[in-house]
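Here you go, one structure.
The values are calculated or read from the model by the stated rules, or taken from the named source; none is laboratory data. Note that this is a predicted model, so its numbers are computed, not measured. Here the Cβ is made from the backbone with ideal geometry for all residues, glycine too, and neighbour counts use every protein chain on show. Protein only, heavy atoms only, side chains kept; ligands, DNA and RNA dropped before computing areas. Shrake-Rupley method; radii C 1.70, N 1.55, O 1.52, S 1.80 Å.
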Amino acid sequence: MSTYVIGDLHGSHSAFVGLMEKLAFNPAHDCLWLVGDLVNRGPDSLECLREARQLGGAVRCVLGNHDFHLLVVARGKGKLRKKDTLEAILDAPDREPLLDWLQQQSLSVRKESTLMAHAGILPQWSMSQAEALGKEVEMALRSEHSGAFLAELFGDQPDRWQDSLEGMDRLRCIVNVMTRMRFISPRGRLDFAAKQGLESAPEGYAPWFQYPREDNAHLLFGHWAALNGQTPGARIPVDALDTGCAWGGSLTALKLESGERIAVANQKNGTA
Ligand SMILES: [Mn+2]
């Protein structure tokens, strides 16, 4: 039995299938963790969702910002943006069961001292605190008021976590940390503008994984394609898994038990 963690799919279905074949993935024995952003930008988001859902109990998946965007468009008040490639899902005959499946996924997945979240977690959050905060969002997603929650979800404020946050501000901040974070200030303020590599750090900000932690957590994340799987200057055990599949890069899997990385090149490009 092996656990494989696969980076951001972004609608790259052929690469997903190719990588699963290369892994000789067996859903009866193996576990698949998906780091989120299954959809958007690439050409085959609908097929990626169907494939992931079909794996049933063999897959554990965390939500990324693009997965949330899909839910907000379909079930909140969000509008499609120019570069989105989500129409096929919205028009699909099986859209409701697919969206239901997506909406039931998590903000974090943990096994012992390894924790996966799409963008990462704050240095000052313990693993159990991150899991508990993620669960607050999961409860809102699964509640009968999920439509109202999704309608209010998007926004950049508050941009700094405080334990005293309440209501939508609290949930929005948790989602922004766990699905959108890249550079943060020493006091934990999030920057939402810089999306390139480490050279694009705003003054006074550093990548979240360059801050020390009090535990020995091994953190797995995707989201930051410009890192191309590297985490220079990391002060903690961490694995970056987004290797830019939808932008002509590759799709990467990490075998959790051995630390081995297995990748396939992508053949089809998405929209940048
Ligand atoms: Mn992302």
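Of everything in segment 49-70, what is more than 14 Å from the ligand (Cβ to nearest atom) and not charged (D, E, K, R)? Give them in sequence order.
Once the filter is applied, which keeps residues that are more than 14 Å from the ligand (Cβ to nearest atom) and not charged (D, E, K, R), segment 49-70 yields Leu49, Ala52, Gln54, Leu55, Gly56, Gly57, Ala58, Val59.
Also: Under 6 Å between Cβ atoms, which residue pairs at least 6 apart in sequence (or on different chains) link something in segment 17-33 that is under 11 Å from Ala58 (Cβ atoms) with a partner that is surrounded by 13 or more Cβ atoms within 10 Å (Cβ to Cβ) and of a type in the set (Phe, Trp, Tyr)?
Here the result reads Leu32/Tyr4, each pair linking segment 17-33 to a residue that is surrounded by 13 or more Cβ atoms within 10 Å (Cβ to Cβ) and of a type in the set (Phe, Trp, Tyr).
Within segment 217-268, which residues are without any contact (Cβ under 8 Å) to a residue 24 or more places away in the chain and away from the ligand (no atom under 16 Å from the Cβ)?
Gln230, Pro237, Gly248, Ser258, Gly259, Glu260
Provide a single number: the residues in segment 103-134 that are in a helix (DSSP H, G or I) and either in contact with a strand residue (DSSP E or B) (Cβ under 8 Å, 6 or more places away or on another chain) or touching a residue at least 60 places away in the same chain (Cβ under 8 Å) (or both).
Selection size over segment 103-134: 4.
Among the listed residues Arg261, Arg235, identify the single one that is more than 17 Å from the chain's Cα centre (by Cα), modelled with pLDDT of 95 or more and either within 25 Å of Tyr4 (Cβ to Cβ) or among the β-branched types (Val, Ile, Thr) (or both).
Arg261
Could you list, in sequence order, the residues of segment 3-29 that are open to solvent by 20 Å² or more (accessible area, probe 1.4 Å), out of contact with any Leu (no Cβ under 7 Å at 6 or more places or on another chain) and assigned to a loop (DSSP other than H, G, I, E, B)?
Ala24, Asn26, Ala28, His29 - these are the residues of segment 3-29 that are open to solvent by 20 Å² or more (accessible area, probe 1.4 Å), out of contact with any Leu (no Cβ under 7 Å at 6 or more places or on another chain) and assigned to a loop (DSSP other than H, G, I, E, B).
Which number in (1) over 17 Å from the mean Cα position of the chain (by Cα); (2) surrounded by fewer than 21 Cβ atoms within 10 Å (Cβ to Cβ); (3) away from the ligand (no atom under 16 Å from the Cβ); (4) under 25 Å from Ala217 (Cα atoms) marks the one condition that Lys135 misses?
All conditions are met except number (1).
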